[in-house]
Amino acid sequence: MNKPIRTVSIFFLLLFLALMATATNNGFVQSSSRNDRPENRRVKEAAYSSQRGAILVGRTPIAESDKVDDEYKYLRSYTSPFLYAPVTGYFSFGSSTGIESSQNQVLSGDDPRLFIGSLIDLLGNKPPSGGSVQLTLDPDAQRAAFDGLAALGDDVEGSVVAIEPSTGKILAMVSLPTFDPNNLATHDFGARDETYQRLLQDDSEPLVNRAIQKRLFPGSTFKIVTAAAALESGQYDGPDDIVPGGPTFQLPQTTGDSGLVDNEGRDCPTDGLTLRKAMEQSCNTTFAQLAIDVGSEEMLRQAEKFGFNSDYLEDLDGQVRSAFPAELTPPEVGQAGFGQFEVQATPLQMAMVAGAIANDGVVMRPYIVDEVQQADFDAQQTEPEELSRAISEDTARTLTEVLVSTVDEGTAEPAQIDGVEVAGKTGTAQRGVAGAAPYGWFVSFAPAGDADVAVAVMIEDAPGQEIAGGRLGGPIAKAVMEAILQ
Amino acid sequence: MGFVHRRRRGAELFLLVLALAVGVGGYAAVGLGVEGEVPPDIIGYGGWLAALMVGAHVVVRLVAPYADPVLLPVVAALNGLGLAVIHRLDLADGASFARQQLTWMTVGVILFVGTLLILRDHRILARFTYTAGLLAIVLLLLPLVPGLGLIINGARIWISVGPFSFQPGEVAKVLLVIAFAGYLVQHRDALALAGRRVLFVDLPRGRDLGPIVAMWLISLGILVFQKDLGSSLLFFGLFLLMLYVATERPGWIIVGALMFLGGATMAYRLFGHVRVRVDTWLHPFEYYNGPAGENSYQLVEGLFGFAYGGLIGRGFGDGDPTRVPYAESDFIMAAIGEELGLTGVIAVLLLYGVLVERALRTALISRDGFGKLMATGLAAIFALQIFVVVGGVTRLIPLTGLTTSFLSYGGSSLVASWVIVALLLRISDQARRPVPELEPVDEDAAAAESTQVIKVAR
């Protein structure tokens with residue numbers, strides 16, 4: 001009977017091998033895909049009940065996990081919730097946004113960079129804890145931006161972004177209206193759902209981080225890009241070169257008022273004027289003609305070198321691409337030249353344009369996570385990274401000079417700071433809807449020679465205020481720059 | 001003098017110490033992981049486990065000195081680990097299954113010792129072939145008696161006697177192995193030699209099909225009336241394997257496999273509860289908590305547990321194994337997978353593999369056909385049972401309820417398993433024992449005796 005017993009042994013061996021193979025499939029091969037399944041509440045609850053790392057601005061935590069006495073053990077809480085909500089996002093059961101979402105691996109402690117720390121926790125029989133995320137934000141600049149924007153009224157919609165031109169560090173990122181992430185992090189899921197639905201249905205879109213998620217016509221601030229393209233084309237090479245002007249300009253291939261560009265009463269002589277003067281007076285007629293001269297293709301190339309039509313923000317989710325369309329007809333290019341038609345930019349994008357000029361023509365990749373830290377171990381610092389060279393150093397120098405004049409002598413006067421050379425440009429963009437208030441823009445950087453900060457202010461709507469980029473945006477940009485320069 | 005097996009009792013004692021380290025260490029790790037401190041009753045608990053194991057070891061040393069030295073440590077490790085995991089689940093649920101399980105383990109070890117003491121030669125059991133068979137069938141039918149049978153989770157496999165409930169099927173398993181072994185040893189020649197050859201396969205005679213048909217009907221009966229898929233599969237597979245080993249004819253396997261497939265197809269067509277098991281096996285995530293119902297909730301939670309555990313597991317106390325319903329019984333492997341990881345699961349499977357291998361080795365070296373068949377049958381109980389339940393939990397095959405021997409909570413199964421191990425040790429002791437030496441015969445004297453001259457007086 002021994003032969004069949006041996007056969008049976010082999011049969012049982014195969015059964016056990018099949019079990020081990022299946023166990024390996026379950027515990028290893030399919031492990032992460034099953035952990036990520038949306039219906040897997042085990043992983044979500046574990047993530048929700050663990051001690052997440054803090055989000056820090058300077059030395060101050062703006063989001064941290066507090067121990068509480070309920071089934072989820074830790075409650076996420078946000079100090080200064082309204083000020084930082086667009087950046088931190090919220091951490092709720094099963095969903096999160098902002099830094100809470102994009103840096104989840106670090107905050108939850110799963111990031112491979114935290115491996116050593118996790119191992120030490122494991123060996124020390126301590127519960128695993130997440131790493132902290134240190135942001136690049138400057139608390140004073142953030143506060144100045146928030147207060148300035150909020151001062152425009154209760155229902156203001158707008159955004160402020162400040163970056164450090166030489167590194168790409170985001171120094172301030174404000175978006176209004178905002179929300180209280182504490183109400184979404186609450187363990188009272190009924191109240192949470194109610195709050196969420198209310199925020200979602202609010203027409204003023206409080207859950208949208210306008211700094212990176214809202215693109216609008218940049219208006220006259222886009223003239224900087226047009227001027228850059230014109231200078232790069234080689235047709236002009238100094239701030240005092242004569243560019244075309246005129247009180248009105250009829251776009252090619254058009255007739256009548258719809259194709260007629262004017263300057264809303266600003267002084268732009270028919271026989272031409274200097275580039276400096278054209279920027280000071282924000283002459284639409286000048287920049288329409290410059291854009292048409294440069295052409296659709298070169299305008300697109302220049303815009304894309306500044307970051308249009310691309311994704312560049314890697315440590316915060318949901319950045320929308322700023323848009324510059326391809327293959328425009330001459331009248332469309334003309335309109336695009338002063339930031340209308342289908343040209344759209346986010347506030348971050350316009351801050352990057354200003355930053356590139358301040359940084360001798362080099363666009364740095366913007367980033368908001370400065371350091372990843374865990375308990376007592378070495379911090380991991382983010383290295384600044386060059387994104388592209390948008391313009392030559394000469395062009396950057398010329399544009400800086402032009403933009404300084406625009407602050408000193410022209411429309412951007414409200415951003416003047418005593419004793420500091422400021423470069424800046426206003427923008428007032430038509431929505432393309434008759435009777436609707438325009439968008440106000442303001443971009444600037446300072447000190448002009450060797451800038452520490454570049455700012456973009458965008459005001460989408462400020463009920464009760466007459467929107468003009470310079471008048472409303474200028475003082476906000478000034479306050480943010482002063483906060484950094486002090 | 002030929003080869004003589006060594007007793008190796010010292011090796012058994014050493015391995016038992018390791019097994020105790022698993023049991024007591026597991027208990028301590030549960031305390032540390034869940035409550036942050038070594039449980040205060042660790043001395044009492046460890047002492048009790050040690051006393052049971054040392055007691056078992058001493059009895060084996062005295063009455064079965066040549067028995068296989070690996071079997072006892074392996075089951076001691078499995079039982080100890082099972083207790084630790086059940087204790088961990090108790091801490092989360094506020095239940096006291098571990099305490100009851102320890103009581104049942106004590107009963108199991110007492111019966112283990114009793115079996116070894118009373119049964120000095122396994123061949124005696126061959127006398128009870130038909131008694132054992134009859135008793136097994138009566139036990140299997142007991143749950144169907146009105147007023148005695150209990151339906152728990154849809155299966156009618158329990159009886160209640162006073163405050164206790166018991167699964168008679170667990171005892172029936174052991175009795176069936178004895179009955180099959182006895183019957184097959186007597187009839188193996190008839191079953192093996194008669195028959196005709198079709199396409200290189202020796203098919204059995206029609207009249208010899210009687211017993212296999214009877215066993216098939218009993219299995220189907222269990223499936224239909226008790227709604228117990230697992231046991232039905234186990235009994236039929238057990239019989240088929242023993243029949244094959246007795247007759248050495250693969251034809252039986254083919255006939256049996258065809259009958260099994262026929263029965264399974266029929267059951268799938270006819271019975272809703274079988275269809276549900278197959279559907280949830282094929283599409284578990286559709287039946288998790290969607291519009292199609294929650295029939296696979298337990299299975300999918302178990303799978304999520306394995307996934308969450310990953311390679312090395314979350315560690316005791318850091319997983320959430322109580323999400324899986326019945327984690328302490330049928331789904332204990334999911335709890336092990338979650339907190340001890342794939343590593344723990346493979347370790348447990350290897351322990352079972354060693355258990356089955358030692359049992360089959362005993363069958364190979366056994367000197368009598370009855371012993372060979374019994375050892376094979378007992379090994380098959382463990383192998384098939386583990387395959388059916390762990391395969392079901394890990395979604396290798398459709399889920400059917402069976403207990404994971406020694407690990408999962410359940411008194412009847414634990415006690416029966418300890419008795420099985422006692423029987424295996426007894427067969428192994430007989431097999432490894434040196435052949436008794438025969439008295440040398442004085443040939444001259446014998447010759448003289450046979451040719452004695454008797455003088456006849458005239």
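Among the residues of the stretch A:257-316, the ones that are part of a loop (DSSP other than H, G, I, E, B) and not hydrophobic (A, V, I, L, M, F, W, C) come to 18 in all. Applying the criterion of being under 13 Å from the mean Cα position of the chain (by Cα) and among the aromatic types (Phe, Trp, Tyr) to the residues of the stretch B:356-406, the residue that is nearest to the other protein chains (Cβ to nearest Cβ) is B:Phe387. Out of A:Glu386, A:Glu409, one residue alone is more than 30 Å from A:Arg113 (Cβ to Cβ), surrounded by fewer than 19 Cβ atoms within 10 Å (Cβ to Cβ) and not aromatic (Phe, Trp, Tyr). It is A:Glu409.
Every residue, every condition in (1) over 14 Å from A:Ala230 (Cβ atoms); (2) of a type in the set (S, T, N, Q), yes or no:
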| position | (1), (2) |
| --- | --- |
| A:Cys283 | no, no |
| A:Phe287 | no, no |
| A:Glu298 | no, no |
| A:Phe308 | yes, no |
| A:Asp311 | yes, no |
| A:Pro330 | yes, no |
| A:Glu342 | yes, no |
| A:Thr346 | yes, yes |
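In the stretch B:105-130, the residues that are closer than 25 Å to B:Ala76 by Cβ form Cβ pairs under 6 Å with partners that are among the basic types (Lys, Arg) and surrounded by 19 or more Cβ atoms within 10 Å (Cβ to Cβ), at six or more places apart or across chains, as follows: B:Leu119/B:Arg426; B:His122/B:Arg426.
For the stretch B:293-314, filtered to residues that are buried (at least 18 other Cβ atoms within 10 Å of the Cβ) and among the small types (Gly, Ala, Ser), the residue that is farthest from the other protein chains (Cβ to nearest Cβ) is B:Ser296.
Can you tell me how many residues within the stretch A:305-359 are of a type in the set (Phe, Trp, Tyr), surrounded by fewer than 22 Cβ atoms within 10 Å (Cβ to Cβ) and on the phi < 0 side of the Ramachandran plot?
Selection size over the stretch A:305-359: 1.
Looking across the stretch B:318-367, just one residue is on the phi > 0 side of the Ramachandran plot and crowded, with 19+ Cβ neighbours inside 10 Å, and that is B:Gly341. Of the set (1) within 12 Å of another protein chain (Cβ to nearest Cβ); (2) part of a helix (DSSP H, G or I); (3) in contact with a Gly (Cβ under 9 Å, 6 or more places away or on another chain), all apply to B:His273 but (1). Scanning the stretch B:229-267 for residues that are more than 10 Å from every other protein chain (Cβ to nearest Cβ), in contact with a Leu (Cβ under 9 Å, 6 or more places away or on another chain) and not hydrophobic (A, V, I, L, M, F, W, C) yields a total of 7. Scanning the stretch B:233-248 for any residue that is at pLDDT below 85 and more than 26 Å from B:Ala190 (Cβ to Cβ) turns up at least one such residue. Can you confirm whether the stretch B:84-96 contains a residue that is surrounded by fewer than 23 Cβ atoms within 10 Å (Cβ to Cβ), within 29 Å of B:Phe236 (Cβ to Cβ) and out of contact with any Phe, Trp or Tyr (no Cβ under 9 Å at 6 or more places or on another chain)? No; the residues of the stretch B:84-96 include none that is surrounded by fewer than 23 Cβ atoms within 10 Å (Cβ to Cβ), within 29 Å of B:Phe236 (Cβ to Cβ) and out of contact with any Phe, Trp or Tyr (no Cβ under 9 Å at 6 or more places or on another chain).
Let's see how each residue does on (1) surrounded by 10 or more Cβ atoms within 10 Å (Cβ to Cβ); (2) at pLDDT 90 or above:
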{"position": "B:Leu407", "(1), (2)": "yes, yes"}
{"position": "B:Gly410", "(1), (2)": "yes, no"}
{"position": "B:Val421", "(1), (2)": "yes, yes"}
{"position": "B:Gln430", "(1), (2)": "yes, yes"}
{"position": "B:Glu439", "(1), (2)": "no, no"}
{"position": "B:Ala448", "(1), (2)": "yes, no"}
{"position": "B:Gln452", "(1), (2)": "no, no"}
{"position": "B:Lys455", "(1), (2)": "no, no"}
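The number of residues in the stretch A:32-81 being small (Gly, Ala, Ser) and within 28 Å of the chain's Cα centre (by Cα) comes to 8.
Within the stretch B:205-223, residues that are under 23 Å from B:Ala192 (Cα atoms) reach partners that are among the small types (Gly, Ala, Ser) and modelled with pLDDT of 75 or more with beta carbons closer than 7 Å, at six or more positions or on different chains, in the pairs B:Asp208/B:Ala190; B:Ile212/B:Gly256; B:Trp216/B:Gly263.
Mind listing just one residue for me: the one in the stretch A:372-383 that is crowded, with 16+ Cβ neighbours inside 10 Å and in a strand (DSSP E or B) and, of those, modelled with the lowest pLDDT? Please lay out each step first, then the result.
Of all residues in the stretch A:372-383, those crowded, with 16+ Cβ neighbours inside 10 Å come to A:372-374, A:380, A:382.
Checking which are in a strand (DSSP E or B) leaves us with A:372-374, A:380.
On the way: A:Val372: 85, A:Gln373: 81, A:Gln374: 75, A:Gln380: 78.
Here the residue is A:Gln374.
Of the listed requirements (1) modelled with pLDDT of 95 or more; (2) closer than 22 Å to B:Ala335 by Cα; (3) out of contact with any helix residue (DSSP H, G or I) (no Cβ under 6 Å at 6 or more places or on another chain), B:Ala19 misses just one: (3). The one condition from (1) within 25 Å of B:Ala379 (Cα to Cα); (2) surrounded by 18 or more Cβ atoms within 10 Å (Cβ to Cβ); (3) without any contact (Cβ under 8 Å) to a residue 12 or more places away in the chain that B:Val58 does not meet is (2). With respect to the conditions (1) more than 8 Å from chain B (Cβ to nearest Cβ); (2) more than 56 Å from the chain's Cα centre (by Cα); (3) surrounded by 15 or more Cβ atoms within 10 Å (Cβ to Cβ), A:Met1 lacks only one, and its number is (1). In the set A:Ser80, A:Ser9, A:Ser50, only one residue is small (Gly, Ala, Ser), within 14 Å of another protein chain (Cβ to nearest Cβ), surrounded by 15 or more Cβ atoms within 10 Å (Cβ to Cβ) and without any contact (Cβ under 8 Å) to a residue 60 or more places away in the chain; that residue is A:Ser9. Between B:Gly256, B:Gly290, B:Gly272, B:Gly251, the distinction of being within 30 Å of B:Ala181 (Cα to Cα) and out of contact with any helix residue (DSSP H, G or I) (no Cβ under 8 Å at 6 or more places or on another chain) belongs to B:Gly251 only. Run down A:Tyr72, A:Tyr90 and say which single residue is buried (at least 20 other Cβ atoms within 10 Å of the Cβ) and more than 17 Å from A:Arg143 (Cα to Cα). Going through A:Tyr72, A:Tyr90 in turn, the sole match is A:Tyr90.
The values are calculated or read from the model by the stated rules, or taken from the named source; none is laboratory data. Not measured: the values here are computed from a predicted model. Cβ atoms come from the backbone with ideal geometry, glycine included; neighbour counts cover every protein chain shown.
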